[in-house]
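So the structure is just underneath, and the comments pick up after that.
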Amino acid sequence: MKYRRKELTKTESRRIAILLLNAVVIAGITAGSLMAVKMNIAEFSQNPWLHQYFNPVYSGNTVLEVFKNTLYPMTLYLTAVFVLGFCSVGQPVAVALLIYKGMGIGLSAGAMYVASGAQAIIPVIALVVPKALAVTFIAVLSARESMRLSGAQLGFLFRQKIPEEKMSNTLKLYCIKFIVLMLFAVAEAVADSLMNYIFIDLY
């Protein structure tokens with residue numbers, strides 16, 4: 001009975017962590033949307049570090065370009081978050097990267113509304129929202145795993161030595177999870193390419 005209660009507590013803590021990390025992304029989306037209202041559209045379009053290719057207008061003109069421009073930012077993000085997991089103070093940076101991802105979503109959607117008004121509703125729903133949901137799912141899960149390992153690294157500085165076998169298993173599982181998340185990112189890039197090809201007339 002005690003074991004079941006312990007497992008339930010662990011599950012609840014994971015759910016709370018996911019909710020908090022999603023809230024961080026939403027905060028980034030909100031900030032990005034507000035910035036889009038005040039930002040020069042020409043400046044925005046020339047800076048992929050701002051829109052992060054969430055805006056379909058700047059994602060590319062061919063299926064291959066869209067695939068590359070969708071996968072490239074996620075590869076950089078996953079690589080950065082993966083490395084942060086090995087840093088004992090990587091948690092704040094992982095949170096900052098989540099905010100950054102959210103800002104890209106908010107900036108892109110906001111810029112589309114500023115440029116096209118109500119006509120942007122359908123393109124945003126069809127192209128930006130599905131991509132944003134998929135990217136948020138991958139980004140949040142990767143940030144959670146990175147922060148957990150980072151927390152373990154920090155705890156190692158103040159607690160007794162972690163058994164070598166346990167640490168080895170933890171690192172193996174960590175790497176496997178990120179490989180799976182990278183495969184999700186590839187699948188998301190393929191899906192986004194197809195969606196842009198199907199709905200190319202919307203923008």
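Leaving ligands, DNA and RNA out of it, report the carbon-plus-sulfur percent of the accessible area of the chain at a 1.4 Å probe.
The nonpolar share, carbon plus sulfur, comes to 69 percent.
Check which residues have an amide H placed less than 5 Å from C87's amide H, if you skip close sequence neighbours.
For C87, no residues qualify.
For the residue pair A96 and V114, what label-to-label distance in nm results when each label sits 7 Å from Cα along the Cα-to-beta-carbon direction?
Between A96 and V114, the simple spin-label model gives 2.4 nm.
Please report the relative contact order for the stretch 1-125, taking Cα pairs under 8 Å with a sequence separation of at least 6, and give it as a percent rounded to a whole number.
Worked out over the stretch 1-125, it gives 44 percent.
Along the charge dipole of the stretch 52-173, pointing to its positive end and built from +1/-1 on Cβ of Lys, Arg, Asp and Glu, which listed residue (I105, A143, C87) has its Cα farthest out?
The residue sitting most towards the positive pole is C87.
I need the calculated FRET efficiency for the pair E12 and V180, taking r as the beta carbon distance and R₀ as 22 Å, to the nearest 0.05.
After rounding, the FRET efficiency stands at 0.40.
In the stretch 82-125, which residues have a backbone nitrogen under 11 Å from the label point lying 7 Å from T30's Cα in the Cα-to-Cβ direction?
No residues fall inside that zone.
Give me the accessible area per residue for the chain, probe 1.4 Å, as a whole number in Å². Could you put the intermediate results ahead of the total?
Details: 11950 Å² over 203 residues.
I get 59 Å² per residue for this part.
Using only the Cα atoms of the stretch 22-95, construct the convex hull and provide its projected area averaged over every direction, in square nanometres to one decimal. Numbers along the way, then the final one.
Working: hull surface 23.8 nm².
Mean shadow area of the hull around the Cα atoms is 6.0 nm².
Scale the Cα Rg of the stretch 98-160 by the rule-of-thumb value 2.2 N^0.38 Å and send over the ratio, two decimals. Mind showing how you got there, number by number?
Values: Rg = 17.6 Å, N = 63, 2.2 N^0.38 = 10.6 Å.
So the Cα radius of gyration is 1.66 times the expected 2.2 N^0.38 Å.
Just need the Rg to Rh number for the chain, please, alpha carbons only, Kirkwood Rh.
1.04
The values are calculated or read from the model by the stated rules, or taken from the named source; none is laboratory data. Remember, it's a predicted structure, so these values are computed and weren't measured experimentally. Note that we place each Cβ from the backbone using ideal geometry, even for glycine, and neighbour counts take in every protein chain shown. Accessible surface areas use protein heavy atoms only, side chains included; no ligands, DNA or RNA. Shrake-Rupley method; radii C 1.70, N 1.55, O 1.52, S 1.80 Å.
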